[in-house]
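Note sheet for the following structure.
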């Protein structure tokens, strides 16, 4: 078991007004799964992803990662987990325009002990995998949206993460580039990477083998594509 | 984030916003240059004064009329005429049995406008003793200095400083010529070798006549301006000074040192008191110049706060990919320190160029100025500028590190 959350809660407090965003969420994710977390905006899916990816702390409940309780880690420990265990793909790419493509991919390694020479070897290999080895010294603002997201994917993989979080990875892309990015993610999953995809688009979510639907801070559906297919088939009948 | 990456990032930031960076750095550049100039000019002035004193000799004792606190300024330096010191006092000292006093000279001072043909030159004259030459290590270029007989015999002879001799007689040999001082004719019997340089009395521009002639004929006085005694070794200065005090107290019928109507001081003392004064002045001016550094520091802080705001999203990203708060603090501190260090280096270069110009100008005025850039001021400039980056970078760096990664990533 890679991820196991039990009764996970998150409240936002603003001037004494407590707003529950996650109201006790429970599920497990195994190593190598491709899971999409789907829901409308304000449903709590982003908050859930932030907690799962060690960017935020839960208010209640238990979060176990690789069997260890990680719900009470401090800021530095969370940073350590982000550095070693997860990779991020953002909707808005978040590339540094003043750095080259290669430097952008190497960025997460700045916060590790990996020697500088190894960093660029590794980054070049990953950029080759996403088909951008001819763009190493480009500034990201010279790239197309699809290329930018492929750089971001390479960056997400550089630290050999246990799990890749993709937050609306196709949200800023045209359909062709979006399809290309999803194909890469699928390929990564086939190679054994665990991928957690957060989206509000059903078509994107359907690339995953498992879909967790969330609404108003609670899970309303959690099933494999096979079961979803069956449900749709039943409905069709 | 390692050191070089941070330095590289800040270099990129500086280059990308050239105008903004320059304006930000200006405060530190001016501050470092100003402090450096003040310290170096101070050192050069000090060296100039010290050379002056040393050229006269470090084994000299001066006796001045009137009471003075130890290391305080003598009353005569304030322009007060005190008549307590007499020719006989000097005679008594040299005739005492202190074997360490090698030579002793006495002085009175006056000035007049000297007319030769159609040239008018206003010059100072000193009435002094024949022993002047030994006491002051003076060198005669032409002719001779006056003798003891001339000294006491009201002889109307004069020895000219090298420069005034040139000014008065540009194309002629001054020896044997006559000049009028206070309407009295004097025969020129000698010319001093030019010493050059010099801030205080230089001998080059002065004229020297026998002391009795000056007292009786030119000035109509019977007191002295000062006495100088040359001691054989620096170690014997203190005992010679004590002996001189005892002799003078005895002659002036003074019972307690607080009633002294004279004061005795050594060149060593003068060196100490002059260095303490110039040091104080130097550091006072440097402190004023340093205010610019503090102002510059706030400029750095301001620009770093703006940078943090501009790069909020980047900070969010860095935190998302694993940067700890301490890494972010480190990065922004290094950036601030890089900016201030570069400013410091530019300040040192600007300061050195200005010091070079100052030296050229001062040398053009004929003073023997040494172009000093002390390694300590370069080191200090670097250290201070880096420290300013550290001190004024802390607040922005800390603010950056405390950004919430989720909020920061959403920042537009």
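Couple of notes before you dig in:
- Counted residues, segment A:1-24 - those being within 18 Å of the chain's Cα centre (by Cα) and assigned to a strand (DSSP E or B): 3
- Per-region count, segment B:92-141, residues in a helix (DSSP H, G or I) and within 22 Å of residue B:157 (Cα to Cα): 4
- Summed over segment A:182-198, the residues that are in contact with a strand residue (DSSP E or B) (Cβ under 8 Å, 6 or more places away or on another chain) and either modelled with pLDDT under 90 or assigned to a helix (DSSP H, G or I) (or both) give a count of 4.
- Cβ pairs under 8 Å, 6+ apart, first in segment A:80-104 and at the interface with chain B (Cβ under 9 Å from one of its Cβ atoms) and under 13 Å from residue A:142 (Cβ atoms), second surrounded by fewer than 19 Cβ atoms within 10 Å (Cβ to Cβ) and at pLDDT below 90: A:98/B:12; A:98/B:16
- Scan of segment A:53-70 for residues that are under 22 Å from residue A:197 (Cβ atoms) and assigned to a loop (DSSP other than H, G, I, E, B), ordered by number: A:53, A:54, A:55, A:56, A:58, A:66, A:70
- When each of A:114, A:153, A:164 is tested for being in a loop (DSSP other than H, G, I, E, B) and either under 29 Å from residue A:206 (Cβ atoms) or more than 10 Å from chain B (Cβ to nearest Cβ) (or both), the lone residue that passes is A:114.
- Count - residues of segment B:297-350 that are more than 18 Å from residue A:97 (Cβ to Cβ) and not in a helix (DSSP H, G or I): 3
- Which numbered condition residue A:190 fails, given (1) free of Cβ contacts under 8 Å to residues at least 40 places away in the same chain; (2) over 23 Å from residue A:224 (Cα atoms); (3) surrounded by fewer than 16 Cβ atoms within 10 Å (Cβ to Cβ): (2)
- Of the criteria (1) within 30 Å of residue B:163 (Cβ to Cβ); (2) not in a helix (DSSP H, G or I), which one residue B:373 fails: (1)
- Here A:152, A:166 are screened, and the one residue that is within 15 Å of residue A:97 (Cβ to Cβ) and in contact with a strand residue (DSSP E or B) (Cβ under 7 Å, 6 or more places away or on another chain) is A:152.
- Selected residue (criterion: modelled with the highest pLDDT) from residues of segment B:353-366 that are surrounded by fewer than 17 Cβ atoms within 10 Å (Cβ to Cβ) and in contact with a helix residue (DSSP H, G or I) (Cβ under 7 Å, 6 or more places away or on another chain): B:354
- Screening the candidates B:321, B:350 for the property of being crowded, with 20+ Cβ neighbours inside 10 Å and in the same structural domain as residue B:24 (by TED's automatic domain parsing) yields one hit, B:321.
- Only one of A:53, A:4, A:41 that is loosely packed, with under 15 Cβ neighbours inside 10 Å and touching a residue at least 12 places away in the same chain (Cβ under 8 Å): A:41
The values are calculated or read from the model by the stated rules, or taken from the named source; none is laboratory data. As the structure is a prediction and not an experimental result, all values here were calculated from the model. Cβ atoms come from the backbone with ideal geometry, glycine included; neighbour counts cover every protein chain shown.
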